[in-house]
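Right, one structure below, let's go through it.
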Amino acid sequence: MVKKYGDIYASLFLMISAVVLYISTFSIKMLTVSKIGSAFAPQLVAIGIFIFSGILLRNSLKELKNKDTKENSNAQEGDNPQINYACLLGSVALMIVYLLLLNSVGFLIMTTGYIVLQISLLADKSERNILKFFIIAVISSVAIYYIFRSIFHVMLPSGILG
Amino acid sequence: MLEMLLAGFVSIFTFKSMSLITLGTLLGIIFGLIPGLTATMAVAICLPITYGMHPIEGMALLMGLYIGGVSGGLIPAILLKIPGTPSCISTTFDGYPMAQKGEAGKALSWSIIVSFIGGILSIIVLILIAPPLAKLAVKFGPYEYFAIAIFSLTLIASLAGDSLVKGILSGFFGVGFSLVGFAPIDAYPRFTFGFDELDGGFNLLPVLIGLFAVSEILLAAESKYKSKKQNHSFSISGYGIPLKEFFGQTWNMIRSSAIGIAIGILPGIGGGTANIIAYVAAKNQSKYPEKFGTGIPDGIVASESSNNSATGGALVPLISLGIPGDTVTAMLLGGLMLHGLQPGPLLFQTAGDVVYGIFASLIVANVVMVIFLYAGMKWFVKCLSVPQHILLPIITALCVVGAYGVNNRVFDVGALLFFGILGYIMMKFNFSVIPLVLGFILGPIAETNLRRGLMLSQGDFTPFLTEPIAAGFLLVTVFSVAMKVWKSRKQRKAATDAIDM
């Protein structure tokens, strides 16, 4: 479906965003005596996105029409790779939790937890070995933490352990 | 110039710098050969390591990563028909058939040697072109910079990906995101939504790491890595290449390297495009085009010399104009800025030692690359069996460190995630993310110089069209866009005609 209607959805979304962007530029004040102020570039971008999304919409509608009028349309184009939404959304959620708690809980604990869960999420059921993943996670997060903190002086948050 | 280059060598001939180049090249090769990991990613996760280093040492490491990352892909391309990076897609066309004929050693030898030659040729061109170009560019004012930014923006939009409209849209997104934060000239805060952290705009590094590394991890999650336990069976023997055969490829090597350098110089595209164009050019000009794809060295020579020569080419606009030639150099732009160095024509004056240190590091990295590839070939193949479901989460953690380290704040990690998801969605809708990066970098250059120019001319736009260099660039811009529109119309017409038939 994304393949067939993707461009139409995308262009509609972009056209609406462009309008919102354009309207929001009205609040930008002119601070210099010049022909163009700080609102000029955002307005140009909004107009540009609007026009080119329009062209994209027109092209994709045309294409869709061409496909539909063609009798016996080979609707299924064969290669329709399965998207594993659970794994995808799970990964995004994991990353969000990781970043939200990074400061308060600390880099070491959060990174270990993140790596264990992310590996388990990505690995096949047959390969799931939590103990092994845990060891990998501990070693890598401790190594990253100490290398960056003491050798490269990147002050990673120590959180509750600090 | 020679003295400066010698001084550059002297500055990197320290134990620390040499170890960094060696380490960088080794890591780069490993990233290059594992499919899904790229040179861009390698540079992204190693950037935070360079924070505390001297700029020359930091650049030495990054140059090693760059050269290694572009070269490493040739091993799986030849032995397993898996291009480790997009830069060596066409290496598989003839490399794998050669390996199947029992000539794996010879195919690898060819690749390594021509990679080296291509790399060195491009560095020579870089050293010869960049300084005079920078000297010329020092005289550029706002009119010229505006025109160059517009030229680069349209060029990348028309070259990246297969849809012109989507390329342009992606470029607009990039410009749009670059507008966040204080506006140039009058410092009016735009689109900060009350976040103080956004006053300075999005930092380039989280944007890049998100778009190129985090999105890759989401793609892997989506397809849920299927462990493909392949039994890699191959024998590597017979590295020798007869001298006569070697010199028979001279013209092919020169042509492919020239293609690589030229494509590298164009903003935004690099080895990934160069290798395919060079392969097609070699095939079209060959006396025996029908043999291409059956396992002849010509194809390998074209592909491998062009992708490595794109490296030096991509550094030309970065060093002389401050405009990155490909995604890795966009990352290097961020790396230089971290050290307080503004890439551009003045770099030769403000940090000439760093520039010549970069040149020297590139040459050394090429030599180290050859040694490693020859010596460690069998070991490198083993790296391919490290499962991605273990590698990717660790890389994510390193990305987080990279983003966090920019300003020591979690906000940039949020930006990293945002751009990762954005990159993923764009890829799903078949938008190339490269124009976005270029738009993000070039947008502010275009806007600042437009406003500066208009202030200089007191609101008159004509100098943008009458100053010879600016006018020249704008004219070429119009011409190249018109060409592309005409071409894509013709293609679409041909396609609809084919459907109607």
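Observations, loosely collected:
- Test: residue B:439 is more than 30 Å from residue A:107 (Cα to Cα), of a type outside the set (S, T, N, Q) and within 25 Å of the chain's Cα centre (by Cα): yes
- Set side by side, the residues B:235, B:227 differ, and just one is modelled with pLDDT under 80, more than 11 Å from chain A (Cβ to nearest Cβ) and not in a helix (DSSP H, G or I), which is B:235.
- Residues (at the interface with chain B (Cβ under 7 Å from one of its Cβ atoms) and not hydroxyl-bearing (Ser, Thr, Tyr)) located in region A:109-120: A:115, A:118, A:119
- Within region B:396-455, restricting attention to residues that are assigned to a helix (DSSP H, G or I) and polar (S, T, N, Q), the residue that is farthest from residue A:10 (Cα to Cα) is B:407.
So that you can scan it fast, the table gives a plain yes or no per residue for (1) surrounded by 14 or more Cβ atoms within 10 Å (Cβ to Cβ); (2) at pLDDT 90 or above:
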| residue | (1), (2) |
| --- | --- |
| A:1 | no, no |
| A:7 | yes, no |
| A:13 | no, yes |
| A:18 | yes, yes |
| A:40 | yes, no |
| A:49 | yes, yes |
| A:53 | yes, yes |
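- Residues (modelled with pLDDT under 80 and surrounded by 14 or more Cβ atoms within 10 Å (Cβ to Cβ)) located in region A:20-33: A:28, A:32
- Here B:346, B:336 are screened, and the one residue that is in contact (Cβ under 8 Å) with a residue 24 or more places away in the chain and crowded, with 23+ Cβ neighbours inside 10 Å is B:336.
- Among all positions in region B:382-390, there is at least one residue which is away from chain A (no Cβ under 14 Å) and in contact (Cβ under 8 Å) with a residue 12 or more places away in the chain.
- Matching residues, region B:416-463, being basic (Lys, Arg) and at the interface with chain A (Cβ under 8 Å from one of its Cβ atoms): B:428, B:451
- Boolean, residue B:425 is aliphatic (A, V, I, L, M) and either modelled with pLDDT under 90 or out of contact with any Ser or Thr (no Cβ under 8 Å at 6 or more places or on another chain) (or both): yes
- Unique match (being facing another protein chain (nearest Cβ under 7 Å), within 27 Å of residue A:120 (Cα to Cα) and crowded, with 23+ Cβ neighbours inside 10 Å) among B:413, B:400: B:413
Here is a yes/no grid of residues against (1) at the interface with another protein chain (Cβ under 9 Å from one of its Cβ atoms); (2) in a helix (DSSP H, G or I); (3) surrounded by fewer than 22 Cβ atoms within 10 Å (Cβ to Cβ):
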{"site": "B:171", "(1), (2), (3)": "yes, yes, no"}
{"site": "B:176", "(1), (2), (3)": "yes, yes, no"}
{"site": "B:194", "(1), (2), (3)": "no, no, yes"}
{"site": "B:205", "(1), (2), (3)": "no, yes, no"}
{"site": "B:211", "(1), (2), (3)": "no, yes, no"}
{"site": "B:214", "(1), (2), (3)": "yes, yes, no"}
{"site": "B:217", "(1), (2), (3)": "yes, yes, no"}
{"site": "B:221", "(1), (2), (3)": "yes, yes, no"}
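- Meets criteria (in contact (Cβ under 8 Å) with a residue 12 or more places away in the chain and not charged (D, E, K, R)) for residue B:356: yes
- If you filter region A:86-108 down to residues that are closer than 18 Å to residue B:216 by Cα and more than 8 Å from chain B (Cβ to nearest Cβ), you find that the one that is surrounded by the most Cβ atoms within 10 Å (Cβ to Cβ) is A:94.
- On inspection, residue B:60 fails the criterion of being within 21 Å of residue B:350 (Cβ to Cβ), small (Gly, Ala, Ser), modelled with pLDDT of 85 or more and surrounded by fewer than 19 Cβ atoms within 10 Å (Cβ to Cβ).
- Subset of region A:123-162 [within 7 Å of another protein chain (Cβ to nearest Cβ) and surrounded by fewer than 15 Cβ atoms within 10 Å (Cβ to Cβ)]: A:124, A:153, A:155
- Region A:113-162, residues that are touching a residue at least 24 places away in the same chain (Cβ under 8 Å) and not hydrophobic (A, V, I, L, M, F, W, C): A:113, A:118, A:140, A:141, A:145, A:157, A:158, A:159, A:162
So that you can scan it fast, the table gives a plain yes or no per residue for (1) of a type in the set (A, V, I, L, M, F, W, C); (2) within 14 Å of chain A (Cβ to nearest Cβ); (3) without any contact (Cβ under 8 Å) to a residue 12 or more places away in the chain:
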residue	(1), (2), (3)
B:13	yes, no, yes
B:18	yes, no, no
B:47	yes, yes, no
B:51	no, yes, no
B:92	no, no, no
B:96	no, no, no
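- When residues of region B:329-367 are limited to those that are of a type in the set (Val, Ile, Thr) and touching a Leu at 6+ places or on another chain (Cβ under 8 Å), the one nearest to residue B:45 (Cα to Cα): B:329
- Across region B:274-296, the number of residues qualifying as surrounded by fewer than 24 Cβ atoms within 10 Å (Cβ to Cβ) and in a helix (DSSP H, G or I) comes to 10.
- Given (1) out of contact with any Lys or Arg (no Cβ under 7 Å at 6 or more places or on another chain); (2) part of a helix (DSSP H, G or I); (3) modelled with pLDDT of 85 or more, number of the condition residue A:157 does not satisfy: (2)
The values are calculated or read from the model by the stated rules, or taken from the named source; none is laboratory data. Predicted model, so just to flag it, every value in this text is computed and none were measured. Note: ideal-geometry Cβ built from the backbone for every residue, glycine included; neighbour counts use all protein chains shown.
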